[in-house]
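Encoded as structure tokens, the structure appears first; notes follow it.
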Ligand SMILES: Cc1cc2nc3c(=O)[nH]c(=O)nc-3n(C[C@H](O)[C@H](O)[C@H](O)COP(=O)(O)O)c2cc1C
């Protein structure tokens, strides 16, 4: 959760509104926690801010659907399996964001990569879905569309952009990393997270190996708690495990968001018109 309070979210929504007349969305992640964040406050800020789409994630969004739908907001639920996507469809979500095993962050525990997960979602779901996880450029977009998705969601790729409000070290680390540089942590706790490898992650994995199924969250607290401000704001790259997708292997530069989107669309068009139509013509 990047916005620490509903007020902070309301300010961010107002800022975004001042920068575009186009619709935009907000991610609302429901995390299991001892003292839950002020979710009603966040939902109110989203509704009052006139946001048009919400991506929910982390837990079943059912209890928030009536308020969001009454406000005319489209709800896209992020799911890492066909099973959960069907559940999202059945409770009335408007669309699903299908997050494959290669994704940055929490890929779930089924480990199905997008080359299988997206066509499975396509042959099963009636509501629209976007491809999430491993998406980088025009090639990703065309492939996602070919596999039945209606669009794509970029996570890690957007962090390495000029506008991303994170420390330069983070952007440089993403550009420098290869597709071999992510690790899965917290698997024994069934809270698997894909992160960029670093010294803290190696320490954490050594603890997981040593403690086996006896491991508890307190054993790895130091490597995962309070990591985001240290990494994202202060650029302390070894502070702990931070979410990052295998797609780092396809990220070689730090464009502006406009450059990234323009070239993605141009590349997708070129692939369709030249490579794919050319294959048919041959
Ligand atoms: C640094 C980072 C933080 C993330 N935080 C969240 C989050 O709070 N809630 C959420 O639903 N997804 C979160 N994600 C996952 C993304 O929304 C998206 O599903 C994922 O990054 C897609 O995979 P990709 O990184 O391969 O594009 C995060 C991803 C990254 C890289």
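No value in this document is a laboratory result; all are computed from the given coordinates. Being a predicted model, the structure only gives us computed values, none of them experimental. All Cβ positions, glycine included, derive from the backbone under ideal geometry; neighbour counts span all protein chains shown.
Yes/no per residue for (1) without any contact (Cβ under 8 Å) to a residue 60 or more places away in the chain; (2) out of contact with any helix residue (DSSP H, G or I) (no Cβ under 6 Å at 6 or more places or on another chain); (3) within 18 Å of residue 252 (Cα to Cα):
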{"position": "89", "(1), (2), (3)": "yes, yes, no"}
{"position": "96", "(1), (2), (3)": "yes, no, no"}
{"position": "116", "(1), (2), (3)": "yes, yes, no"}
{"position": "122", "(1), (2), (3)": "yes, yes, no"}
{"position": "131", "(1), (2), (3)": "yes, no, no"}
{"position": "135", "(1), (2), (3)": "no, yes, yes"}
{"position": "139", "(1), (2), (3)": "no, yes, yes"}
{"position": "160", "(1), (2), (3)": "no, no, yes"}
Set 208, 193, 223: member being in contact with a helix residue (DSSP H, G or I) (Cβ under 9 Å, 6 or more places away or on another chain), within 12 Å of the ligand (Cβ to nearest atom) and under 23 Å from residue 111 (Cβ atoms): 193
Any chance region 156-175 includes a residue that's on the phi > 0 side of the Ramachandran plot, within 22 Å of the chain's Cα centre (by Cα) and surrounded by fewer than 19 Cβ atoms within 10 Å (Cβ to Cβ)? no
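Restricting to region 100-111, what's the tally of residues that are within 14 Å of the ligand (Cβ to nearest atom) and farther than 23 Å from residue 267 by Cβ?
5
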Select from region 188-212 the residues that are part of a helix (DSSP H, G or I), in contact (Cβ under 8 Å) with a residue 24 or more places away in the chain and within 26 Å of residue 102 (Cβ to Cβ) and list them in ascending order. 188, 189, 199, 200, 201, 204
Got a number for residues in region 36-64 being more than 16 Å from the ligand (Cβ to nearest atom), closer than 25 Å to residue 108 by Cβ and exposed (fewer than 15 other Cβ atoms within 10 Å of the Cβ)? 1
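Each row is one residue, and each column tells you yes or no for (1) surrounded by 13 or more Cβ atoms within 10 Å (Cβ to Cβ); (2) in a helix (DSSP H, G or I).
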position: 223; (1), (2): yes, yes
position: 229; (1), (2): no, yes
position: 236; (1), (2): yes, no
position: 252; (1), (2): no, no
position: 266; (1), (2): no, yes
position: 270; (1), (2): yes, yes
position: 273; (1), (2): no, yes
Can you confirm whether residue 3 is assigned to a helix (DSSP H, G or I) and surrounded by 12 or more Cβ atoms within 10 Å (Cβ to Cβ)? no
What residue, among those in region 129-153 that are buried (at least 24 other Cβ atoms within 10 Å of the Cβ) and in a loop (DSSP other than H, G, I, E, B), is farthest from the ligand (Cβ to nearest atom)? 149
Which pairs do you get when a residue that is more than 20 Å from residue 199 (Cβ to Cβ), found in region 239-250, comes within reach of a residue that is more than 10 Å from the ligand (Cβ to nearest atom) and outside any loop (DSSP other than H, G, I, E, B), reach meaning Cβ atoms under 9 angstrom, with the pair 6+ apart or on two chains? 250/139
